[in-house]
Amino acid sequence: MVVALAAPSSISFAQTQTATGVEVEKDLALVRRNLRAEKKKILAANVPLTETEATKFWPVYDQYAADMSKHYDEFYAVIKDYAANQKTLTDAQAISMVKRWSDIQVELAQTRQKWVPAIEKVIPGKKAALFFQIDRRLYALMDLQVASEVPLVIQ
Amino acid sequence: MTTKLLTHLAMVVALAAPTSISFAQKETATGVDVDKDIALLRRNLRSEKKKLIAANLPLTETEATKFWPIYDQYAAEMGKNNDALDSLIRDYAANQKTLTDAQADDMLKRWGDWQVSLAQTRQKYIPIVRKVLPGKKAALFFQIDRRLYTLMDVQIASEIPLVIQ
């Protein structure tokens, strides 16, 4: 599993320079497509479910993943805006982006918290804990990937 | 530009440093003992973090005088949140081999609460840091800070043993 969990981090942004910043749209779309598909496969391979549990769990997982994706859509929109304007960013734009990014982080944490009881309704506590542990590990890798690739604010 | 690039490269290398700290877990009858390892990880990360931020966030003397006391308050508040995580990891690791569904459920709830609290603390400090730094410098600070916390998240998430079924 260690190898499988590391896989998404091998995706890399190939940033194209523009007059005002960098173009990351295609790269973000690729990262997201790959990660979404990979994530479900890795979870399926590492959370042992009975047939009955699986029948109940995967539809709930799909709703949870869709909910998380909405917040990540906003997050990527912030990154895209920032990257496109990186060279000409003003103080006001910079702080506005940090605020938007921070709001999304709170929403992501609240969404994850909200889904804990819903997942626990369809699988036992220890399996739910294993699911969230692997899920969190994958999101942490994805966050690190994105955080490392986003260019730093030019002063 | 070259100086900036070199600074960035130095930071990328330096930012990777904390991930080399590894838990040396000792097996017990019911789980693993991670107490000393967590203490070591946090001590190293706290001192590393401040040094890395200082090296990569260009501040005037006036800005620095106002910024660092605020940073210390922010770091202390984030540290309190992380105390809750440490306690959770210790409880989990110590009971990993005998964990019940009810204990797993309780830990999941504590973990969910911790994440929300951590994100809200960061959110609260954005206007406070903005009061003492220009917008772009405040943004750079939170960018570097977040990168360091993300590294710490990956480090911790990767080291905690998976729930045994």
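The values are calculated or read from the model by the stated rules, or taken from the named source; none is laboratory data. Predicted, not measured: the structure shown is a model, and the values here were computed from it. No Cβ is skipped: glycine too gets one built from the backbone with ideal geometry, and neighbour counts run over all protein chains shown.
Any residue in region B:3-15 that is modelled with pLDDT of 65 or more and hydrophobic (A, V, I, L, M, F, W, C)?
Pass one, region B:3-15, residues modelled with pLDDT of 65 or more: none.
No, that holds for no residue.
Are any residues in region B:114-163 more than 16 Å from the chain's Cα centre (by Cα) and at the interface with another protein chain (Cβ under 8 Å from one of its Cβ atoms), and if so, which ones?
To start, the set of residues in region B:114-163 that are more than 16 Å from the chain's Cα centre (by Cα) comprises B:124, B:126-140, B:161-163.
Selection gives B:I126, B:R130, B:P134, B:G135, B:K136, B:K137, B:A138, B:A139, B:L140, B:L162, B:V163.
Suppose we keep only residues that are within 19 Å of B:V116 (Cβ to Cβ) and within 13 Å of chain B (Cβ to nearest Cβ) within region A:69-87. Which one would you say is modelled with the lowest pLDDT?
A:F75
I'm checking my understanding of the structure. Among residues of region A:118-155 that are at the interface with chain B (Cβ under 7 Å from one of its Cβ atoms) and within 17 Å of B:V116 (Cβ to Cβ), which one is surrounded by the most Cβ atoms within 10 Å (Cβ to Cβ)?
That would be A:F132.
Among all residue pairs at least 6 apart or on different chains, which show Cβ distances below 9 Å where the first residue, located in region A:69-80, is under 16 Å from A:V153 (Cα atoms) and the second is modelled with pLDDT of 90 or more and of a type in the set (F, W, Y)?
Filtered contacts from region A:69-80: A:V78/A:W101; A:I79/A:W101.
Looking at region A:137-154, which of the residues that are in contact with a helix residue (DSSP H, G or I) (Cβ under 6 Å, 6 or more places away or on another chain) and of a type outside the set (A, V, I, L, M) is nearest to A:H71 (Cα to Cα)?
Checked region A:137-154; the qualifying residue nearest to A:H71 (Cα to Cα) is A:D143.
Go through region B:93-102 and report how many residues are under 24 Å from B:S117 (Cα atoms) and either under 14 Å from the mean Cα position of the chain (by Cα) or modelled with pLDDT of 90 or more (or both).
1
Taking the options B:N56, B:N95, name whichever one is out of contact with any strand residue (DSSP E or B) (no Cβ under 7 Å at 6 or more places or on another chain) and away from chain A (no Cβ under 11 Å). Give the steps one after another, and end with the answer.
Numbers: B:N56 fails: away from chain A (no Cβ under 11 Å).
The unique qualifying residue is B:N95.
Anything in region A:88-117 that is more than 7 Å from every other protein chain (Cβ to nearest Cβ) and closer than 15 Å to A:D143 by Cβ? List them, or say none.
If the condition is that a residue be more than 7 Å from every other protein chain (Cβ to nearest Cβ) and closer than 15 Å to A:D143 by Cβ, then A:W101, A:I104, A:E107, A:L108, A:T111 are the ones that fit.
B:T150: assigned to a helix (DSSP H, G or I) and either at pLDDT 95 or above or basic (K, R) (or both), yes or no? Give the derivation first.
Working: assigned to a helix (DSSP H, G or I): yes; either at pLDDT 95 or above or basic (K, R) (or both): no.
Spelling it out, it is not the case that B:T150 is assigned to a helix (DSSP H, G or I) and either at pLDDT 95 or above or basic (K, R) (or both).
Find the residue count for region B:48-75, including only residues that are closer than 14 Å to B:R146 by Cα, in contact (Cβ under 8 Å) with a residue 60 or more places away in the chain and of a type in the set (A, V, I, L, M).
3
Given the conditions (1) under 30 Å from B:A54 (Cα atoms); (2) modelled with pLDDT under 95, report the number of the one that B:V116 does not fulfil.
Looking at each condition in turn, B:V116 falls short on (2).
If only one of B:N95, B:N56 is surrounded by 15 or more Cβ atoms within 10 Å (Cβ to Cβ) and in contact with a His (Cβ under 9 Å, 6 or more places away or on another chain), which one is it?
On the way: B:N95 fails: in contact with a His (Cβ under 9 Å, 6 or more places away or on another chain).
It is B:N56.
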